[in-house]
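Input: a single structure, listed below in structure tokens.
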Amino acid sequence: MARESSMKRKRAVSNFFGYVALIIITIIWLFPFVGLVLGSFRSYDAAVEYGGIVDYVIPKHFSLDNYRFVLGGETNYLRWYGNTVIIAFFVALFQMIIILCVSYALSRMRFAGRTALMRFWFVLGMFPGFLTMICLYFLLKEMGLTQAGAIKGLILVSVASSGMGYYVCKGYFDTIPKALDEAARIDGASRARVFFEMILPISKPIIIYAALVAFMAPWNDYIFASYIAFGHDASYNVAVSMYRWMNTGDYQGYFTRFCAGGVLVAIPVTLLFMFLQKYYVEGVTGGAVKG
Amino acid sequence: MSNASEKKSNSVSTFFSAVGNIFKVIGTTFVNGDWKTKISYLIMGFGQIARGQFLRGGAFLAIEALFIWFVSTFGGKYLSKLGTLGTIETYKKNRKTVYGDNSFLILLFGLLTLFFILFLVICWYLNIKDNAKEEELIKAGKKLPGSKADFLSLFDNNFDKTLLALPVTGVFIFTVLPIVFMICVAFTNYDATHQAPSKLFTWVGFANFKNLFSFASGGFGSTFVSVLIWTLVWALLATFIDYFLGIAVAMLINKKGIRFKKFWRTCLVMTIAVPQFVSLLYVSKMFDNAGIINGTLMKLGIIQSAIPFWTNPTLAKITIVVVNIWIGIPYLMLMATGLLMNIPADLYESASIDGATPWQMFRHITMPYMLFVTGPYLLSSYTGNLNNFNVIYLLTGGGPKSMSYAGGAGGTDLLVTWLYKMTINDTDYKMAAVIGIMVFIVTALIFMNAYNFLPSIKDEEGFQ
Amino acid sequence: MKKKLVSVLLSAAMGASLLAGCGAQEAAETAQDAAETVQEAAETVQETATEVAETAQEAAEEITDYGTGEIKVWVADNVVDFTKGEIDQFMAENPQFAGYTVTVEAVGEGDAAGNMITDVTAGADIYGFAQDQTARLVAAGALEEVAPENVDAIKNDNATGAVVAATVGDTLYAYPMTADNGYFLYYDKSVVTDPSTLEGIIEQCEAAGKNFYMDLTGWYQVAFFFGTGCTLTFDSDNDGNFTGCTMDYDSDKGLVALNEMIELAGSKSFQPGSSAGDAVNYAAIIDGTWDAGTVKDFLGDNYACAKLPTFTGSDGKTYQMSGFNGCKLLGVKPQEDENKLAVCDALAQYLTSEKVQLDRYNAVQWGPSNLKAQSDSAVKADEALSALSEQFAYTIPQGQYPGDYWSNAEALAGDAQTKLQGASEDDVKAALKSFQDTVSALR
């Protein structure tokens, strides 16, 4: 009895410290987002408050000026936002298809050059990608997919090389017993039928994972997007246009507007992520095990 | 894969015998083949079409036609200048500019044409082999598969080809070609004073590599070494600190008696969901000399003058590693949460009956298991961190700069951010390409060495 | 096995033809054909045109057919609307250019140079850029020489510093647009009572717990070096390649300057940076006219401007802080069509004329480089601009510097704030020597 209660007390104490640690961690982790949201409600109008960087978090006056600015017609923000949504949508769609194709082929079929291909792609991934930007730019330019066509160009480049990111998905397919398709094959089903009618229906988590990861990447693409869209405001994405607000001298005092734009970017991505978090966890876990 | 070492030892002789075999096939097929096969040496796919296999014959023919059209209308003029990268200078006619050869495009499209030629040669060889095979089948009195069977096989036994065709082509054009291009640039004098289209650049051999390893004043040698060391250290810290802390946080949340598990997880996961260019730029401003952190500490009177988070090289390095923990823990936490649940509970039970402390259980049950299953992840995460552009670029841009570095490198520059700056700010493509190759070699060496030690990779089939 | 490989190639070929073949090549081909025909046509047109022009030159003003085309203009975001308005006016005044459509895009001066260098052919025909990029742009073949008939007028009408900045070798490559690229002191009247000495300003900032902001990187640190009488110039040839360097930082004068930088950086009030948008809690900041609005918003009624202060060096003597004076320029990129070049030249000339410079001042407060516009009463009444022009008396026109100068200078600034704090005189001397050795070897 006495031992049990001491155990209980011990556990209560350790849980208490656990909660303290978790609360501290949560505060640290959420602080930038709270700061971002609060910053977005600070006016940039000189008569009210200052729109640059300040050393306090809570705005002195609450205002919607920044949202009015980004959503109003003063900039192309809505256009940039739309561009990013379009890019993210198509990249997610095509990249998912390609990854599924590659993963199925590599997981289920044995053909000459299979391991060689996997190793080759693996090695390719170690070459720093930024160096090849200028080369990609001129390739795309030759196809008319820069500046005005930059959105299509960005989709093409993201999709074209996506086959190399098959690891996680192939790992998932590897865990589906091979006996399943062998039985179907004996019944006369073709490889394609096995793929479409057996494997895909039970791969929902990994399909969603692949699409989700692909959907989130374009929101971050600043470097390459600015490289191939330069000089053509209408084909920028949000990252390109908003990065300017933070880092170009022409945009002094745009900090709070950046915050507002950032909040608007974060909302859909965060919501989507929260809804699909379960699948993401499955993907991350499975992917880690198989590497 | 389990006999990889065995394969390696005789891979050289295998290679030579394979090459020899290829020439043998080409030769004997020509000597022994009928006229249809012989014409196929010139007109690809002719034999197949003549034997009624229209689909595959047509495909070969189409490839050849496409090739001829490509080389004659586009590729040929670039390929012919690949040796010199162009000789015609840009000049002025009155005030009008008449552009000469564009070395950049010559190199790029010359390589593309070379790729195409290689592709054609492979197709040509397959075309010959296919002809030989058909003749053999006919001689044996078997029926050749028709076009319809060929087509259907693309969805059955040859489904892998259908699935992989587009992805492989895409990778070749948009990943392999640019990489080969940049490797070639390392052997040219392409820099700020030799820029297309108004200036030509040309091959210079190993001159740029000599510059990289020159330790004299103005040489890149010592800077390269210090940036390389920081890159390696950074990747090590970023990977392992995040790894252990992530597991710790996951265990804390999973701990018996802790409630609202989902809530804690969701809070942490926000950092994954919010785009990094938003959150990292915000965080970098937070740590600014004039940012919220310094401002608050000074207001509270804890410090007198601002802590130079980004301007002091050592402090900047520490700050980056700390901020990276903030980014990295959520991923690891998610991953570890899933994995920890897979550890059989009876292992812990029997251990606790034996009187093991939680720490002992962690050391002897949790860690070995985690390390075993996440080995490949750790490795790819390490190489990922070697090239972790976003974190460094968005937080410090590689700064602070110091006189002890050449080529505009700064205290927190990784090799990747350094070479990015080199191309963007200084247009020094030749040196950037050399450093790019070095990054590749370093990454590949680390990987190749670690790769073979991983138990879970060695035994791919074992998992199924 | 064989069959498998055949079909992979079949499908790969289809993929390849889709990606590499059709799209790329057709586009390239047609574009090229079109370009060739246009070029041929243009050549013949132009040859005849020059002949005609030569014969008719003495007779009367010839109305040439300038043909048609598109002209792309890049300017900073805040002057896009202004520039559009001025271009409309230009087109209305010059009906002979009616065949051209002009589009204006927002590309900041900093980005413009980088983008032009990435791909000259896709870049703008006319673009604004900061003067430190001139040599780099010339070397990349992204700047056309100013039309010979405009050269004398530009040299006479504009401030010397602006003309120097637009010149590489002995060729004028760009049209000066502003001459307000310099820095001076903004201060808070309620904190800083006497802005004439650096020591006084720092002391009052420290006492009030306020910040003093000054960037110590390449563009700003010359305030100390040139102030003590050092020189640093680079020679360049007409192609934008650097050929030589004059530098005497590794001297007693240089030592005084670097010591002052180190001492300043050691003050607890000192904050690196000269960008008011990123600065907080300051009572003094060394910044340029482009931030006047931001500073005014921040300081409110206590807003005041002055030329840079003097400082007492480690040798006990008093020096006036110096600096660069510079400008924003408008460049025209090399054209393959002489008619279009003529239109671009005329447009660039117009956009940098006295009238437009004054309009621009009134619209966005960019200080003019045109001498007549400078003497306009509204311009003279501007507090920030008059502080700047007072400071300009002590500054040196910014010529061309290699890109690596800026990164090396930034490195020196970094060291002054960290490594050299409290360092011995020998260490400071060694740093100066290594800086001079590196920079003077740059080409």
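The values are calculated or read from the model by the stated rules, or taken from the named source; none is laboratory data. Quantities reported herein were computed from a predicted structural model and do not represent experimental measurements. Methodologically, a virtual Cβ is constructed for each residue, glycine included, from the backbone with ideal geometry; neighbour enumeration extends over all protein chains shown. For the accessible areas, the whole protein counts, side chains as well, though only heavy atoms, and no ligand, DNA or RNA atoms are used. Shrake-Rupley method; radii C 1.70, N 1.55, O 1.52, S 1.80 Å.
Observations on the model:
- Global form of the range B:33-205, assessed from the alpha-carbon gyration tensor, a/c cut-off 1.5: prolate
- Rounded if a/c under 1.5, otherwise prolate or oblate - chain A, Cα gyration tensor axes: oblate
- Residues of the range A:2-69: accessible area per residue with a 1.4 Å probe, Å²: 59
- Long hydrophobic helices in chain B, taken as whole DSSP H segments with a C-alpha length of 15 Å or more on their own axis and mean Kyte-Doolittle hydropathy at least -0.5: B:11-32, B:54-70, B:103-139, B:159-171, B:221-254, B:261-273, B:313-342, B:367-386, B:429-451.
- In angstrom, the C-alpha Rg and Dmax of the protein assembly as shown are 33.1, 120.
- For the range A:76-290: accessible area per residue (Å², 1.4 Å): 33
- Rounded tilt (10° steps) of C:148-157 against the dominant C-alpha axis of chain C: 20
- The HN-Hα couplings worked out from phi for the range A:5-18 by the Karplus form 6.51 cos²θ - 1.76 cosθ + 1.60 (θ = phi - 60°) are 5, 5, 4, 4, 4, 4, 5, 4, 5, 5, 5, 4, 5, x Hz, whole numbers, x standing for Gly and Pro.
- Acute angle (nearest 10 degrees) that the helix C:80-93 long axis makes with the longest principal axis of chain C, alpha-carbon atoms: 50
- Among the residues of B:110-118, the average count of other protein chain beta-carbon atoms within 10 Å of the residue beta-carbon is 1.
- Pairwise burial A:B, computed as accessible area of each alone minus the pair, summed, 1.4 Å, Å²: 9100
- Computed over protein heavy atoms with a 1.4 Å probe, the carbon and sulfur contribution to the accessible area of the range B:296-444 reaches 64%.
- Heavy atoms of A:Ile27 accessible to a 1.4 Å probe, total area in Å² rounded to 10: 110
- With the charge dipole of chain B set up from +1 on Lys and Arg Cβ and -1 on Asp and Glu Cβ about the Cα centre, the Cα lying farthest toward the positive end among the listed residues B:Thr175, B:Ser13, B:Thr383 is that of B:Thr175.
- Computed over chain A, relative contact order equals 30 percent, with contacts defined as Cα pairs under 8 Å that lie 6+ residues apart.
- Shape category assigned to the range B:136-285 from the gyration tensor of Cα positions, a/c cut at 1.5: oblate
- All-pairs Cα distance distribution in the range A:2-69, expressed in whole percent, bin size 10 Å: 18, 30, 16, 14, 12, 8, 2
- Per residue value of the accessible surface for the range B:210-268 (all protein chains in place, 1.4 Å probe), Å²: 49
- Percent accessible area from carbon and sulfur atoms, the range A:2-69, protein chains only, probe 1.4 Å: 71
- Taking the longest Cα principal axis of chain C as reference, the axis of helix C:109-118 is set at about 40 degrees.
- Here's how it looks for C:Asp287: its modeled amide H is under 5 Å from those of C:Phe184, C:Tyr186, which are all 5 or more places away or on a different chain.
- Remark on B:Gly398: its backbone amide H falls under 5 Å from none of the residues 5 or more positions apart or on other chains, H modelled at 1.01 Å from N.
- For chain C, built as a Gaussian network whose Cα springs stay under 10 Å, the top-fluctuating residue of C:Ala122, C:Ala113, C:Ala304: C:Ala122
- Computed packing ranks the peptides B:316-327, A:177-188 as B:316-327, A:177-188, most packed first, by mean other Cβ atoms within 10 Å.
- Along the range C:249-260 the Karplus relation, 6.51 cos²θ - 1.76 cosθ + 1.60 evaluated at θ = phi - 60°, assigns HN-Hα couplings of 5, 7, 7, 4, 4, x, 4, 4, 5, 5, 4, 5 Hz to successive residues, with x for each Gly and Pro.
- Across peptide C:107-119, the mean count of Cβ atoms from other chains lying within 10 Å of each residue's own Cβ comes to 5.
- For the range A:229-242, 3J(HN,Hα) per residue [Karplus equation, 6.51 cos²θ - 1.76 cosθ + 1.60, θ = phi - 60°, Hz, x = Gly/Pro]: 9, 4, x, 9, 3, 6, 10, 6, 9, 4, 4, 4, 6, 7
- Under the criterion of Cα pairs below 8 Å and six or more residues apart, the relative contact order for the range A:2-69 equals 26 percent.
- Length-normalised contact order for chain C - Cα pairs under 8 Å, 6+ apart - percent: 22
- Amide proton proximity set for C:Cys245, modelled H, under 5 Å, gap of 5+: C:Asp235
- The mean count of C-beta atoms from other chains within 10 Å of the C-beta of residues in A:175-186, rounded to a whole number, is 1.
- Heavy-atom accessible area buried between chains A and C is around 2300 Å² (1.4 Å probe, both sides summed).
- Per-atom-type breakdown for chain C gives carbon and sulfur 50% of the accessible area (1.4 Å probe, protein chains only).
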